[in-house]
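The values are calculated or read from the model by the stated rules, or taken from the named source; none is laboratory data. These numbers come from a predicted model, not from an experiment. No Cβ is skipped: glycine too gets one built from the backbone with ideal geometry, and neighbour counts run over all protein chains shown.
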Amino acid sequence: MRRGTSPSDRVASYLAVPAALTAFIVSCIFAAAVPAVAAADNPFNIKIVNESEQPDSNVYVMLHDNAGTAASTDGQLTDGVAKKLSDINNSTVAMGDISAARLFISYGAAVTPSEPNDNSTTTRYDKIEFTNPGVANLTAVDFFGIPLSLQALDSSGNTVGNALAYRCYTSTLSPQLAAAGPSALLNNGSQFVRNWAPGLFPQSYASMASYLQSMAGQTITIDDRFDSNGPPPVHDAINYTGTFGPDGSITLNGTLTPDGGSASAGLPVAISGSNLNGTAEPGIYTANGDYTKGGNPGHVGDNDQYAVIYRDVVSGFAFGYWGGRYGNAVSDWKSQPGYAAARTTTQPYATFNQYAAAIADYSPAAYGYAFSDMGPTPVVAPLNNGGPTVATLELVIEPDNGPNIPGCVGTSTSSPSPSPPSTGGGDGDGGGQSKISINNSVLKLDKRGRALVELSCSGDPCSGELTLTATREQRRPKRRAKKRRRTLVGHTNFRLSEGQTRGIFVTVSRKGRNLISSARGRRLPALAKASVGPIKSPTVVSQKRVTLESYKPPRKHKRSKRKR
């Protein structure tokens, strides 16, 4: 449903819908949007790296899918049956094709398929979501319980696509989430269990009523796309407008235009203000409220053009886009920085989803909201869906405390016993600050337009962003000095363990590739920069001047013709 994305990307956004809805919604989307997969097995491994404060014998792993048939191909995991990490060979399980699966990590006790999202349980757990072929993602849409990191690796151990990681851990993040929703914090005595998200506990978070009222009389434009491979395939451009009433209600009307066809009037979409900010099912928070299309009930799980319109309306409020600095058309704000960054002024009332904003600040590559993929940062890792082959999906269980870098040291967090001394993350009183070195100075693009940057991490675990900025001289009058201009040509999130060296692929933008092509010798000076810590206040820990070189296909040797 996103502009310019594959069906698997659309699936990822629905995988992040609150758990009670996932079974129904995902089944609809996989039936409609994901191409049929041949009998190929698409094998890959899930490698679990335990850097938490828990011994392997106290960590439980449980695999589950909507059909109740999920299983690893090596027989180590069966659907709904938890197993101690210490009993999994080399902490690795072999997987094949699988749809809409979740892998749960819990401390101290096993969880069952019926237990997740049960607010009475004090078992501490969290999860990742994936489908193969497709994508994998971290999700805090329902709650935050355990900091996890996820990255896809090729057969050489290089990161493929975006690494999905928390840049600060529980000791820093949980207090920020609790500040947004104090009554959504669940402890078991002195032990942290989880922070519930507003999608499940909306009553614990600030009302959006004043934000809705501030939009009264304002007209918004939903200019977006709906793409589905079907059957039958549908590719429609959407152009709808509507004006908010005094209570936040809105009716949108407009046209649907198939690719290569003519525009035709679509059904009116009506959303009530009580739906958007109601007490029972507030759509802004749940992203799954009621609306009508042509007077009939509509649901976000319908996976049609009208679901796109509803999604865009509620997402505009969740990100703080409506009435913000980018304007009131989806094409103007989509993929722009959201939350506080989208606002022109600070208001005494909530103007965005504060829980999702905190998740984005400490893990911009995790779903903190059902449609986080509408923001500026990729929130999925590729998994054998037409791109580079993924050999391993690495899941890291992060420590609760630290890392010991500016902006990431918070209140010490109690953990369920048994809990040996931490060996991974620093507790704010000791441990080495993250140190990163960029090892290569010449970056040659491959045929996919990616530059492979080798990073080494020492000190605390290193999670952050790697950027490539090109430097070029602007032409100016002879009497004036030359001015250098920097252009961001590529960036990606990365995650390395302490003492680890790994290749990180950075996709260079079209603008960057054009700059390289026009540079002398097709060699473009650039600056590689690695930063860690919260997005709002990152710390640059390493930078190095590098050279970007364009891809040169191997020369084909002509065969000499022998004279007969």
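A few remarks follow.
- Count of residues meeting criterion [farther than 25 Å from TYR339 by Cα and part of a loop (DSSP other than H, G, I, E, B)] in the stretch 246-293: 8
- The stretch 140-156, subset within 22 Å of SER52 (Cα to Cα) and small (Gly, Ala, Ser), residue surrounded by the fewest Cβ atoms within 10 Å (Cβ to Cβ): GLY145
- Members of the stretch 51-71 that are of a type in the set (S, T, N, Q) and surrounded by 20 or more Cβ atoms within 10 Å (Cβ to Cβ): SER52, GLN54, ASN58
- Boolean, THR170 is crowded, with 22+ Cβ neighbours inside 10 Å and not assigned by TED's automatic domain parsing to the domain that holds ILE535: yes
- Subset of the stretch 332-363 that is touching a strand residue (DSSP E or B) at 6+ places or on another chain (Cβ under 9 Å) and over 20 Å from ALA287 (Cα atoms) - its residue that is surrounded by the fewest Cβ atoms within 10 Å (Cβ to Cβ): ASP332
- Pairs linking a residue in the stretch 444-466 that is among the hydroxyl-bearing types (Ser, Thr, Tyr) to a residue that is crowded, with 21+ Cβ neighbours inside 10 Å and outside any loop (DSSP other than H, G, I, E, B), with Cβ atoms under 6 Å and 6 or more positions apart or on different chains, are SER463/ARG495.
- Subset of the stretch 53-69 [at pLDDT below 95 and under 26 Å from the mean Cα position of the chain (by Cα)]: GLU53, ASP65, ASN66, ALA67, GLY68
- Scanning the stretch 122-155 for residues that are closer than 22 Å to SER497 by Cβ, touching a strand residue (DSSP E or B) at 6+ places or on another chain (Cβ under 8 Å) and polar (S, T, N, Q) yields ASN137, SER149, GLN151.
- Some residue of the stretch 301-317 being buried (at least 20 other Cβ atoms within 10 Å of the Cβ), over 15 Å from the mean Cα position of the chain (by Cα), among the polar types (S, T, N, Q) and modelled with pLDDT under 95: yes
- Filtering the stretch 384-398 to residues that are on the phi < 0 side of the Ramachandran plot, of a type outside the set (Val, Ile, Thr) and at pLDDT below 95 leaves ASN385, GLY387, PRO388.
- The residues on offer are GLY368, GLY386, GLY375, and the sole one that is of a type outside the set (Asp, Glu) and surrounded by fewer than 24 Cβ atoms within 10 Å (Cβ to Cβ) is GLY386.
- Members of the stretch 210-240 found to be of a type in the set (Val, Ile, Thr) and under 20 Å from GLY323 (Cβ atoms), listed by number: THR219, ILE220, THR221, ILE222
- Scanning the stretch 327-354 for residues that are within 18 Å of ASP373 (Cα to Cα) and either outside any helix (DSSP H, G or I) or of a type in the set (Val, Ile, Thr) (or both) gives ALA329, VAL330, LYS334, SER335, GLN336, PRO337, GLY338, PHE352, ASN353.
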